[in-house]
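Beneath this line is the structure, given in structure tokens, with notes to follow.
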Amino acid sequence: MGATRTPRDSWIEAGLQALAAGGPDAVRVEALAKRLGVTKGGFYGSFADRDALLRAMLDAWEQESTDDVIDRVEREGGDPKSKIHRAGMLTFSSDRLLPIDLAIREWARRDPEVAARLRRVDDRRMALLRELIGTFCADPDEVEARSMLAFCVAIGAHFLAADHGGRTRAQVLAHVADLLLDRPRTDPGD
């Protein structure tokens, strides 16, 4: 009876978790095998080398953070403003996707191929924002500005270490969303 081979997806998932925790240098075949409780020999049944794993990890991240998010946003429906909120929550508030996304952004600073992949993903995310914001904002310059601000807040809020004058970060971010999405303020008493 032959040994059970570790599924390719298990290697990819372990690689993404290692990437999120320690960057691309943490994605090492031996360390992943130990994490999975298998020998590293099984790795080569799924991947030619570490670079093939890294490409597969980027493919999985791109699929999950764009195609899957966009599909879910469209499937669950709602008005454009709730779709924007849902896309942001799925991507930038997710305990799963956010750490991977941030690690890939750091990696892209040093690797032109990863930077090109990140640009493609960000272009798709911005296209969704433009489309949805364009349903309630007619000025193309304002659509672009709101889209960029929304995207910058979604990413940058994770790096900001400032206090907010007695307000919680959640309160401030809710107000920012109201401003960007041209909604009545949801938290007027706070």
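Assess whether ILE70 counts as being surrounded by 16 or more Cβ atoms within 10 Å (Cβ to Cβ), under 19 Å from LEU180 (Cβ atoms) and more than 11 Å from the chain's Cα centre (by Cα).
Spelling it out, it is not the case that ILE70 is surrounded by 16 or more Cβ atoms within 10 Å (Cβ to Cβ), under 19 Å from LEU180 (Cβ atoms) and more than 11 Å from the chain's Cα centre (by Cα).
Could you list all residues from the stretch 146-167 that are over 19 Å from LEU98 (Cβ atoms) and part of a loop (DSSP other than H, G, I, E, B)?
Scanning the stretch 146-167 gives ALA162, ASP163, HIS164, GLY165, GLY166, ARG167.
GLY23: touching a residue at least 60 places away in the same chain (Cβ under 8 Å) and within 26 Å of LEU90 (Cβ to Cβ), yes or no?
When the stated conditions are applied, GLY23 passes them.
Among the residues of the stretch 136-148, what is the count of those that are surrounded by 15 or more Cβ atoms within 10 Å (Cβ to Cβ), free of Cβ contacts under 8 Å to residues at least 40 places away in the same chain, out of contact with any Gly (no Cβ under 8 Å at 6 or more places or on another chain) and not basic (Lys, Arg)?
2
Considering only residues that are closer than 30 Å to LEU128 by Cα and either at pLDDT below 95 or out of contact with any helix residue (DSSP H, G or I) (no Cβ under 6 Å at 6 or more places or on another chain) (or both), which ones fall in the stretch 24-64?
ALA52, LEU54, ARG55, ASP59, GLN63, GLU64
Of the conditions (1) without any contact (Cβ under 8 Å) to a residue 24 or more places away in the chain; (2) surrounded by 13 or more Cβ atoms within 10 Å (Cβ to Cβ), ASP59 fails just one. Which one is it?
Exception for ASP59: condition (2).
Kindly list, by first and then second residue, each pair from a residue in the stretch 112-134 that is outside any helix (DSSP H, G or I) to a residue that is of a type outside the set (Asp, Glu), limited to pairs with Cβ atoms under 6 Å and residues at least 6 apart or on different chains.
These pairs meet every condition: GLY134/VAL143.
Hey, among the residues in the stretch 11-61 that are of a type in the set (Phe, Trp, Tyr) and assigned to a helix (DSSP H, G or I), which one's nearest to LEU98 (Cα to Cα)?
My answer is TRP61.
Applying the selection to the stretch 80-110, what residues are outside any helix (DSSP H, G or I), charged (D, E, K, R) and at pLDDT below 95?
Hits for the stretch 80-110 are ASP95, ARG96.
Of all residues in the stretch 168-183 being modelled with pLDDT of 90 or more and over 17 Å from ARG146 (Cβ atoms), which is surrounded by the fewest Cβ atoms within 10 Å (Cβ to Cβ)?
Checking each candidate, the answer is THR168.
The values are calculated or read from the model by the stated rules, or taken from the named source; none is laboratory data. Everything quoted here is computed from the prediction, not taken from an experiment. As a convention, Cβ positions derive from the backbone with ideal geometry for all residues, glycine included, and neighbour counts pool all protein chains shown.
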